[in-house]
Amino acid sequence: MAVRPNENFLITQLDWLANFVRANSLWPMPFATACCGIELMATASSRYDLARFGSEAIRFSPRQCDLMIVAGRVVMKMVPVMQRIWLQMPEPKWCISMGACASSGGVFDTYAVVQGIDRFIPVDVYVPGCPPRPEQLIRAVLDIQEKVKRQGTLLGREFEERKAPERPRPLALELAPSEKIVAPGSVRTATQEWDVN
Amino acid sequence: MDHRSTLSVLRSQLGEQAFVTSEFRDNFRIEVPAERVLDALLALKDQAGFDMLAELTAVDYLHYPNARDRYGVVYCLLNTTTGERVFVKTFVNDPDPCLPSVFPLWKGADWLEREVYDMFGIVFEGHPDLRRILLPEGFRSYPLRKDYPLRGRLERHNFPVIPRAES
Ligand code: SF4
């Protein structure tokens with residue numbers, strides 16, 4: 001053989017091939033917990049037609065998906081379920097946080113609603129809006145495709161670097177004590193402190 | 001709606017002094033002290049024909065103008081034969097708000113009492129299975145009490161975080 005290809009050169013080409021096939025056939029897992037789920041359904045159906053971008057195969061089993069779309073508010077009781085579904089999805093996988101509620105809690109700053117799913121699972125793309133229009137969600141899918149094409153690697157090395165939690169600090173640490181609005185009264189009878197992790 | 005027969009049943013069973021009635025538009029309300037509430041409900045069910053417990057809920061009157069007691073518990077009763085409705089109201093207080101369960105009278109009280117327990121921490125004695133119904137098992141406070149912070153305390157943050165490299 002006259003020219004022996006350099007090892008790096010070969011790997012880069014495989015990465016490109018893997019990224020090409022991965023990006024153009026994302027299989028979404030609809031984690032639709034509230035009203036945003038309706039827009040998610042609209043996005044996948046004929047009028048907006050997510051199939052034009054290769055993501056029409058929405059599966060309800062996490063084992064068959066590689067793109068989790070969290071559409072809607074997530075409450076405390078749902079967080080363990082969401083984490084479990086995320087862990088059940090095979091690598092490589094990505095996550096879209098769709099809507100104000102999934103991204104930040106939205107208007108639901110109450111005792112039960114989690115203030116952003118990125119506090120508990122990694123998120124790749126956020127979609128603002130309440131609810132976001134299907135076009136916005138399609139843009140997010142295109143952004144994921146671009147992300148995959150730009151930084152994807154065959155063995156998923158880009159994921160290994162993301163070791164630290166990519167989240168804001170717990171709300172209780174973020175807020176000044178004066179912001180923790182408490183109506184005058186005996187807090188002792190109403191609440192008890194929890195551990196912060 | 002005419003409530004005279006209902007009133008006469010209550011008078012004969014509890015006595016004149018045991019309850020106070022009031023009316024607002026078409027709401028007919030009966031206020032009974034907590035120790036007599038089971039007697040009153042029993043009389044209403046067995047003798048006045050109130051065979052359905054339409055709703056059971058509670059109100060926290062903390063810092064409410066002119067309120068004397070902290071929690072009000074409201075039973076909305078319906079007589080499905082005549083269509084008559086009454087609202088029976090009773091009051092309980094800290095530190096251990098507690099009422100007898102009406103589950104033996106109306107089976108529908110099961111989940112309603114669990115919800116009131118979940119949100120206000122009012123214990124219904126004699127309830128067959130008084131667990132939290134909406135909030136997770138580990139939740140330790142009662143969020144519909146008025147002294148619960150508006151933005152929640154730390155409950156919403158007590159979960160493990162999954163970094164990307166580990167999932
Ligand atoms: S962001 Fe708006 S549309 Fe989406 S789940 Fe929240 S409230 Fe519903």
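The residues of the stretch A:98-139 that are among the polar types (S, T, N, Q), more than 14 Å from chain B (Cβ to nearest Cβ) and within 11 Å of the ligand (Cβ to nearest atom) amount to a single one, A:SER103.
Condition check: in contact with a strand residue (DSSP E or B) (Cβ under 9 Å, 6 or more places away or on another chain) and among the charged types (D, E, K, R). Does B:ASP69 satisfy that? When the stated conditions are applied, B:ASP69 passes them. Can you name every residue in the stretch B:99-115 that is open to solvent by less than 30 Å² (accessible area, probe 1.4 Å) and among the small types (Gly, Ala, Ser)? Listed by number, the residues that qualify are B:SER101, B:ALA109.
The rows are residues; the columns are (1) within 11 Å of chain B (Cβ to nearest Cβ); (2) open to solvent by less than 10 Å² (accessible area, probe 1.4 Å); (3) within 16 Å of the ligand (Cβ to nearest atom).
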position: A:ALA23; (1), (2), (3): no, yes, no
position: A:CYS35; (1), (2), (3): no, no, yes
position: A:MET41; (1), (2), (3): no, no, yes
position: A:ALA51; (1), (2), (3): no, no, no
position: A:ILE58; (1), (2), (3): no, no, no
position: A:ALA71; (1), (2), (3): no, yes, yes
position: A:VAL75; (1), (2), (3): yes, no, yes
position: A:GLN83; (1), (2), (3): yes, no, no
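Restricting the first member to the stretch B:1-21 and to residues that are in a helix (DSSP H, G or I), and the second to residues that are hydroxyl-bearing (Ser, Thr, Tyr), the beta-carbon pairs closer than 8 Å and six or more apart or on different chains are B:LEU7/B:THR21.
Any residue at all in the stretch A:94-105 that is open to solvent by less than 60 Å² (accessible area, probe 1.4 Å) and farther than 17 Å from A:PRO131 by Cα? Within the stretch A:94-105, one or more residues are open to solvent by less than 60 Å² (accessible area, probe 1.4 Å) and farther than 17 Å from A:PRO131 by Cα. Looking only at the stretch B:91-140, residues that are away from every other protein chain (no Cβ under 14 Å), in a loop (DSSP other than H, G, I, E, B) and among the aromatic types (Phe, Trp, Tyr) come to 2 in all. The one condition from (1) more than 24 Å from A:ARG157 (Cα to Cα); (2) of a type outside the set (Gly, Ala, Ser); (3) open to solvent by 40 Å² or more (accessible area, probe 1.4 Å) that A:PHE31 does not meet is (3).
The values are calculated or read from the model by the stated rules, or taken from the named source; none is laboratory data. All values derive from a computational prediction rather than experimental measurement. Cβ coordinates were reconstructed from backbone atoms using ideal geometry, including for glycine residues, and neighbour counts include every protein chain displayed. Keep in mind that these areas ignore ligands, DNA and RNA; they rest on the heavy atoms of the full protein, side chains included. Shrake-Rupley method; radii C 1.70, N 1.55, O 1.52, S 1.80 Å.
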